[in-house]
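Written out below as structure tokens is the structure these notes cover.
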Amino acid sequence: MSNLGNLLSWGIENSDPTAAPTERKTQLNPALVAELFGMRQKSDADLMKEAMAAILDPELDLENKEIAFDNFELMVEQLDNANNIENLALWPPLISLLGSPEQKLRFMAAWCCGTAVQNNVKSQEAFLSHGGVQKLVDIVLKDPAEDVRKKACYALSSAVRNMQESLKIALDLLPEEVVGAGGSKLDADDMEGIDALMKTLRERAAKVISQ
């Protein structure tokens, strides 16, 4: 019997007040009922994919893209969802948005990257494998918007802590005046050293970039 036929039979049986409970043979799966009435609960994975699709939709206005990005950022605050970015193949589009012509979208992309990799080795590794560290360094040094540069500093700080390979790439790309003498030998586990590096980088990010 089809799902709709099953629902119809159940309705007929239960609409007859003279029918004894034992005569009502049709049983409904609650999940089926919810799906038939458009109430099926979506998983976080579904919501993450839908949010990214909305952000990338060329027909959607900027305000709604920002709303979708806000929702995405809230979801990736959870460790499992952050790790699921890789499983859902969402790192490439997220990292590509760091280069969006829209300042707001670059800002949100940097924010989401930083949130997803913070204290999360698995996501740090995935982010690194997709060239995310290089992209963040480029944003920190060259983006025309100060708020984007500062948010990229936050994301870069999260990406390199306790991740030596990511830190090495960043140090190799950063200018000498930021890295400082001996900075190229900085250890990813040296939180004070990374704090000092990021302080210098944020101070640079706060300066006006000549176009």
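The values are calculated or read from the model by the stated rules, or taken from the named source; none is laboratory data. As the structure is a prediction and not an experimental result, all values here were calculated from the model. Cβ sites come from the backbone with ideal geometry, for glycine too, and all protein chains shown count toward neighbours. Surface accessibility is based on the protein's heavy atoms, side chains included, excluding ligands, DNA and RNA. Shrake-Rupley method; radii C 1.70, N 1.55, O 1.52, S 1.80 Å.
Just give me the residues in segment 114-132 being more than 13 Å from L79 (Cα to Cα) and touching a residue at least 40 places away in the same chain (Cβ under 8 Å), in sequence order.
Passing the criteria: A126, L128, G132.
Would you point out the residue of segment 67-83, among those that are in a loop (DSSP other than H, G, I, E, B) and closer than 19 Å to G132 by Cα, that is most open to solvent (accessible area, probe 1.4 Å)?
This residue is E77.
Do you know which residues across segment 84-137 are basic (K, R) and surrounded by fewer than 17 Cβ atoms within 10 Å (Cβ to Cβ)? Spell out the reasoning first.
The first filter runs over segment 84-137 and keeps only residues basic (K, R), leaving 104, 106, 122, 135.
Passing the criteria: K104, K122.
Taking segment 138-195, which residues are closer than 20 Å to A206 by Cβ, open to solvent by 80 Å² or more (accessible area, probe 1.4 Å) and hydrophobic (A, V, I, L, M, F, W, C)?
L173
Residues are listed down the side, and each one gets a yes or a no for (1) touching a strand residue (DSSP E or B) at 6+ places or on another chain (Cβ under 7 Å); (2) acidic (D, E); (3) at pLDDT 95 or above; (4) not in a helix (DSSP H, G or I):
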site: T26; (1), (2), (3), (4): no, no, no, yes
site: V33; (1), (2), (3), (4): no, no, no, no
site: L47; (1), (2), (3), (4): no, no, yes, no
site: K65; (1), (2), (3), (4): no, no, yes, no
site: A116; (1), (2), (3), (4): no, no, yes, no
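Does at least one position in segment 92-106 carry a residue that is acidic (D, E), within 23 Å of V148 (Cα to Cα) and in contact (Cβ under 8 Å) with a residue 24 or more places away in the chain?
Yes - at least one qualifying residue is present in segment 92-106.
Of all residues in segment 53-63, which are of a type in the set (D, E, K, R) and assigned to a helix (DSSP H, G or I)? Reasoning before the result, please.
First, the residues of segment 53-63 that are of a type in the set (D, E, K, R): 57, 59, 61, 63.
Within segment 53-63, just E63 meets the criteria.
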